[in-house]
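This report refers to the structure that appears directly beneath it.
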Amino acid sequence: MARKTPTVATQRNYSVLDVQSAKRAALAWLEQAQLQKAVGFGLPEVDDRYHVWRVPLLNKSNHERIGEVVIDARTSLISENKSTAPAVLEARLLGRNGTAEKKYSPRNGSYSLSALRNTIALGDSEEILQELPAGSVDLVFTSPPYYNARPEYTDYVTYEEYLLKLRKIIQNVHRVLAEGRFFVMNISPVLVRRANRNEASQRIAVPFDVHRLFVEEGYDFIDDIIWVKPEGAGWATGRGRRFAADRNALQYKPVPVTEYILVYRKHTDKLIDWNIRAHPKPECVKSSRIGDGYEHTNIWRIKPAHDKRHPAIFPLELAEKVIAYYSFEGDVVLDPFAGIGTVGKAATKLKRRFVLIEQDSNYVDIIRTEAKTWLGENAAQVFTINCAPIQVQDILL
């Protein structure tokens, strides 16, 4: 007989609507921890006071309860800090006592892998980031919108408002970034054109102001990489044309052909070696080793990219280099200003997972379409926030 009264999950418009959906989410988490063969499920229950599903975890050999997975009912994401840690589950399966929890804590040894799956989110990063579990992202690579450098970017009344927005994003990323992992930002000074011939144009040193934000928000500065473009790439700004014509002293303004790739690490008392040695999957560390032909200096010569669908994309090659150098295979790579998804394409190519957040619905539609070419039929498994799921039946085989 069909149910006439809507469930609580349906009434509250949850993403996880029923027991089977909760089990599927929990199973994906167990598979990531490689515990699916030893751990089964009790009966999942929705806890609408906290908007979560609680899935009991049972030892398959004796059906004893050994923990639980807590799932955010509104997003279907695992609440890592509320769920029983995989290391604790393993210890209980092996019959160890409670002291095993201390042995497996991040400060003393291994750390947990993120259970996030590939995700596409429509909305403001400042808000979306609050929905992601703490410590669930392994690398952030992004290029924030320019400050009023072009007509399509005049979203901020003042430069101070622009910096405040970036600060909030950097703050919220700090929570979701795993211990000792990297936030890499592609950014450059911007030229604010003069309003009339009686005013001077203004060049704003955005990277140096952003550096201060990172340090104040709990990150350690690691490197400044200079992305060098071909010489002709900077003439579009118009900078330097007056001097080229007149050659008067004091008028000299070089044509900008560089951008910064600023590298920061979430502050921790652990050395980078810890992130390597304590990784739960040594095989991923080994397979992520960098081969010959890598960039030996902090000068990277890469041609800029162009796409008529977006006015300012960075090259796929740039994203690939950053992801390869600052993450392991299987890691989660976040871009809070995703554009048309270049980071997602590079992450997939390098066997990483992606979280792409973009507030322009047109760009999100492009990402959803492009994901089909990146992932094939697996695109159906992409988790979407505030936008429709990806329909794989349209994929051309």
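The values are calculated or read from the model by the stated rules, or taken from the named source; none is laboratory data. Source: prediction; values computed, not measured. Virtual Cβ from ideal backbone geometry, glycine too; neighbours counted across all protein chains shown.
A few points about this structure:
- Evaluated against (1) surrounded by fewer than 20 Cβ atoms within 10 Å (Cβ to Cβ); (2) within 19 Å of the chain's Cα centre (by Cα), ASN362 falls short on exactly one condition, (2).
- Cβ pairs under 6 Å, 6+ apart, first in the range 359-374 and hydroxyl-bearing (Ser, Thr, Tyr), second at pLDDT below 95 and outside any helix (DSSP H, G or I): TYR363/GLY339; TYR363/ILE340
- Of note, ILE78 does not satisfy the criterion of being crowded, with 16+ Cβ neighbours inside 10 Å and more than 18 Å from THR119 (Cβ to Cβ).
- Qualifying residue in the range 367-377 (condition: under 30 Å from SER76 (Cα atoms), of a type in the set (A, V, I, L, M) and part of a strand (DSSP E or B)): no
- Residue check, ILE367 modelled with pLDDT of 95 or more and aliphatic (A, V, I, L, M): yes
- So ILE340, is it crowded, with 19+ Cβ neighbours inside 10 Å and in a helix (DSSP H, G or I): no
- Any hit, the range 272-279, residues being crowded, with 20+ Cβ neighbours inside 10 Å, touching a strand residue (DSSP E or B) at 6+ places or on another chain (Cβ under 9 Å) and closer than 22 Å to PHE141 by Cα: yes
- Elements of type helices (runs of 4 or more DSSP H) contained in the range 63-134, each with 1 or more residues being touching a strand residue (DSSP E or B) at 6+ places or on another chain (Cβ under 8 Å) and modelled with pLDDT of 85 or more: 86-93, 125-128
- Taken over the range 277-327, the criterion of being among the acidic types (Asp, Glu) and free of Cβ contacts under 8 Å to residues at least 12 places away in the same chain is satisfied by GLU283, ASP292.
- Here LYS253, LYS270 are screened, and the one residue that is within 29 Å of VAL173 (Cβ to Cβ) and assigned to a loop (DSSP other than H, G, I, E, B) is LYS270.
- Residue tally, condition part of a strand (DSSP E or B) and not acidic (Asp, Glu), over the range 343-361: 5
- Test: residue in the range 286-293 that is within 23 Å of LEU262 (Cα to Cα) and modelled with pLDDT under 90: no
- Restricted to strands (runs of 3 or more DSSP E) entirely inside the range 2-60, those with at least 1 residues that are within 23 Å of SER136 (Cα to Cα) and modelled with pLDDT under 90 are 45-47, 52-59.
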